[in-house]
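Computed from the coordinates by the stated procedures, all read-outs in this text should not be read as laboratory data. Computed from a predicted model, the values in this text were never measured in an experiment. Ideal geometry is used to build each Cβ from the backbone, glycine not excepted, and the neighbour counts take in all protein chains shown.
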């Protein structure tokens, strides 16, 4: 026995030594950042500049897709080996925040971003979206609200103007389509139908987030209208997995109109550069309750169990530095969320891809009436139930009311857990 | 499992350590890794299955509630069970039969046998994710299958988007991926069947079909049983294919037990997910026991 005890003792001793050394060292720090932006990420260039300014900090960016990130981050946070910083979809935050997996950035920052009080750096809507139960859990990096993208070249040829109301949407979409081509794209997820629910005066959950109300008369009417675009008026194309990549549908002309966020400006430019001048952006057609969009975007977070929190905060501040703050726009084509960045001249410049118009203004306008998704721990589950209901409806397997009632019952159960 | 014999002669066990110290030392690394990475987590997740646990905040003991909800309230889990059973039945109904047919064909004196053998086995060597991605393209609205249907004048099929046959589409891809394993397995076994038996049967006037059922199949029985046990357990763990091709949709028509477990894990409901994994565990243990009872015992005799 004694013979092989010695190596064990030695290994233990060395590992203890290593641990104590690691804690004391203030030397070079390697910051691990998980990023879901994809190819056109703004973080890469920001990180290069950051490393030049801070030679003792190495930023190691791991690129993950939206879905992979969504899967992996939970595992890492639950497993206790999270990155030091991450870009996340704002809709993921409630679940993580309610479980205490995210650092309180008020504490980490002392309430200031690059010397300015955080509350002065953002619009009221953004500040609201960044908070969970009084704690600031994220710094919003870009925002996402929906407008209507349309094929301007075809509109001109056919003498159409962008639809301003729901009725006009049906009419214009009908005139735009040619058989299977140039249709309005719809998706059976929570993001797209919610646009119509909000515009019709409906909500997803009640005001204190204890009960689902996406089966209210307003919401049912809105989803009915949305599904009628496909099932009754036959002017839409349901963009499901079997259709292939979305950008492919844009390129081959199956899609003539779609509702989506500013990040699609970047996707169009990198994915379909040859279509320059063919697309434009207009305000989303309004329903009886006026305009309304979901408000989402990308947040920068520091996990509670992150190893290098201070360095992570330093990097976050750098992302909002005057020179770097417009990177979400210039690199990814998305809308920066910081007020100062929104006022930067790059953003109001005419955009040749979008026919020399400033497509961006449209999204800024939409932000004024946008609302974030409900901040509840079980949001992922609820949006899953909602998505399944949409599948049932669009496949014609169930009436709108029945499908939404069933989903609401499941959502209520999840909310009660 | 080895508690019984160890108790009976405890002195012997200690003396054993002394005597076979080197041997124990040699098996220690794999044994420890099994204890730490397999048995340990299994016990921990057994505990979690009785708790409400998010993975981040502390677990709260709730007794049998997870199991009760899963078995009596959760309709999606019920559907996931049914989907998985249907997938196993389709896959294990067709896979080994196809494997046997191809093995019998290759067992003739065909030219280029090793080439065909490699072809059939190649999908088996490729990762599920790659194969599923390719099949997803084949199944897509303007993919190869629909183009072929269009060429023949038939209407396109929404292979993965229609809840009525999405699971079948996934199963077909899985069978294509998997039956090469059985081909190679059966082919190897076929070559071990003594020629004399066939010759004797032929002398007695048995035709090829009769010879297959009276000579070949009995000789192949251990291999067939093995293929089924491995196949059923593997199919029950259906995950990669549906994760890539459908993510469980549409309308949960392809949600398998393991995929559902994963989504609950993703929802950070680790207690609930652990309970699912234990239900699956019990099912697999029961199935293995059943198969062993039905087929395994005869082999011993």
Note to self: Among A:239, A:379, A:313, which one shows the highest mean-square fluctuation when chain A is modelled as a Gaussian network with alpha-carbon springs under 10 Å?
What the structure shows: A:239
Check: How much FRET efficiency would the formula 1/(1 + (r/R0)^6) give for residue B:60 and residue A:156, where r is the Cβ-Cβ distance and R0 is 60 Å, rounded to 0.05?
Finding: 0.45
Checklist line | Separation in nanometres of the label points that stand 7 Å from Cα toward Cβ, at residue A:49 and residue B:110 | finding: 6.3
Checklist line | Cβ-based exposure ranking for B:89, A:268, in which fewest neighbours within 10 Å come first | finding: B:89, A:268
Checklist line | Shielding of A:236-246 by partner chains, average beta-carbon count, 10 Å | finding: 5
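Taking only C-alpha pairs under 8 Å that are 6+ residues apart, what is the relative contact order of chain A in percent?
On the way: 723 pairs, mean separation 105.0, N = 417.
Once normalised by length, the contact order is 25 percent.
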Checklist line | FRET efficiency for residue B:197 and residue B:247, using Cβ-Cβ distance with R0 set to 45 Å, rounded to 0.05 | finding: 0.35
Check: At 222 nm, what helix-only mean residue ellipticity would chain A give, in deg cm²/dmol to the nearest 500, using -39500 (n - 2.57) for each DSSP H run of four or more?
Finding: -13000 deg cm²/dmol
Next item on the list: Enter the Cα centre distance for the pair segment A:111-177 and segment A:397-417, rounded to the nearest angstrom.
Entry: 28
Check: Most fluctuating residue of B:20, B:120, B:272 in a GNM of chain B with Cα springs under 10 Å: which is it?
Finding: B:20
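Counting other beta carbons within 10 Å of each Cβ, put A:362, A:319, B:119 in order, fewest first.
Values: A:362 20, A:319 25, B:119 13.
With the fewest neighbours first, A:362, A:319, B:119 line up as B:119, A:362, A:319.
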Margin query: Using a 7 Å offset from Cα along Cα-Cβ at residue B:82, what residues in segment B:250-273 end up with backbone N under 17 Å from the label point?
Written below: B:250-258, B:260
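Could you grab the relative contact order for chain B? Cα pairs under 8 Å, six or more apart, rounded to a whole percent.
Working: 311 pairs, mean separation 84.6, N = 301.
So the answer I get is 28 percent.
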Item checked: Modelled FRET efficiency - R0 51 Å, residue B:212 with residue B:165, Cβ distances, 0.05 increments -> 0.95
Next item on the list: At 0.36 nm per residue, minus the direct Cα-Cα distance, what do residue A:339 and residue A:310 gain on full extension? Give it in nm, one decimal, please.
Entry: 8.0 nm
Checklist line | Likely footprinting exposure, A:233, A:284, B:18, B:68, fewest C-beta neighbours within 10 Å first | finding: B:18, B:68, A:233, A:284
Check: Which residue fluctuates the most in chain A, going by a Gaussian network model with Cα springs under 10 Å, if the choices are A:370, A:245, A:126?
Finding: A:245
Note to self: I'd like the mean, over residues of A:92-102, of how many other protein chain beta carbons sit within 10 Å of each residue's own Cβ.
What the structure shows: 2
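Listed highest first by mean packing, meaning other Cβ atoms within 10 Å per residue, what order do B:71-82, A:387-398, A:324-335, B:31-42 come in?
Numbers: B:71-82: 16.2, A:387-398: 20.9, A:324-335: 22.9, B:31-42: 11.0.
Highest to lowest by the protection proxy: A:324-335, A:387-398, B:71-82, B:31-42.
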